[in-house]
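The next block holds one structure in the form of structure tokens; read it before the comments.
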Amino acid sequence: MLHPTAQKVADRLRERGLDVDVRELDASTRTAAEAAAAVGVEVGQIVKSLVFTDEAAGPFLVLCAGDRRVDTDALGGSIRSATADEVRTGTGFAIGGVPPLGHDRPLRTVVDESLLRFDTVWCAGGTPRTVFPVATRDLIAAIPEADVRAVG
Ligand code: 5CA
């Protein structure tokens with residue numbers, strides 16, 4: 001049986017019209033490198049769900065290709081990485097398992113346009129051992145007001 005946290009993610013995504021197959025692996029998928037090795041894809045195909053905090057606007061999410069880094073200066077404003085506690089309270093999930101959508105509350109989401117290099121990408125499914133594949137365009141379409149742009 002799927003971990004209840006991963007099942008919650010699958011249920012929430014289905015409510016948004018995204019029917020994904022969340023898989024629980026024997027190996028860790030806590031980092032993009034580990035997830036890529038476990039799934040057998042290149043690291044760029046792994047979606048990192050990174051939480052940042054804007055001093056004025058609060059927490060927001062950046063979905064970043066596993067082989068890219070976010071340039072916080074390019075995102076503007078006064079931005080820093082969220083702490084582990086802020087990730088948990090902002091999304092409802094712990095670092096290493098944060099899914100790209102289906103959080104406890106709506107989260108403004110920037111999407112790294114370089115993910116469009118791939119037809120399919122792999123995302124965290126709520127825990128550090130769960131992942132799911134999704135068509136990149138379907139993922140973006142399911143995120144309300146996704147802000148697709150260069151992040152690096
Ligand atoms: N399951 C994998 C692949 S989908 C995953 O969740 N990768 S991730 O990149 O989205 O999550 C790990 C990220 O959490 C790291 O890249 C890092 O930005 C962030 N992180 C790790 N440790 C901390 C920490 N102590 N405080 C704040 N952020 C952290």
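Brief remarks follow.
- Amide H contacts under 5 Å for VAL148, placed H, 5+ residues apart: VAL111
- Rough spin-label spacing in nm, given labels placed 7 Å along Cα→Cβ, for ASP85 and ARG108: 2.4 nm
- Loop exposure criterion: GluC sites (Glu not before Pro), DSSP state outside H, G, I, E and B, at most 13 other Cβ atoms within 10 Å. Applied to the chain, the longest stretch between such sites is 56-144.
- Overall form of segment 42-87 per C-alpha gyration tensor (a/c, 1.5; a/b vs b/c): oblate
- Per-residue Karplus couplings for segment 134-144, computed as 6.51 cos²θ - 1.76 cosθ + 1.60 with θ equal to phi - 60°, are listed in order as 8, 5, 3, 5, 5, 4, 5, 5, 7, 9, x Hz, Gly and Pro entered as x.
- Integer Hz, Karplus 6.51/-1.76/1.60 couplings in order for segment 116-122, x for Gly and Pro: 6, 5, 10, 5, 10, 10, 10
- Gyration tensor (alpha-carbon) shape descriptor, segment 53-152, a/c threshold 1.5: oblate
- Theoretical FRET efficiency, 1/(1+(r/R0)^6), r = Cβ-Cβ of ALA74 and ALA135, R0 30 Å, to 0.05: 0.65
Since every read-out is calculated from the coordinates, none of them should be taken as a lab result. Note that the structure is a prediction, hence the values are computed from the model and not measured. As a convention, Cβ positions derive from the backbone with ideal geometry for all residues, glycine included, and neighbour counts pool all protein chains shown.
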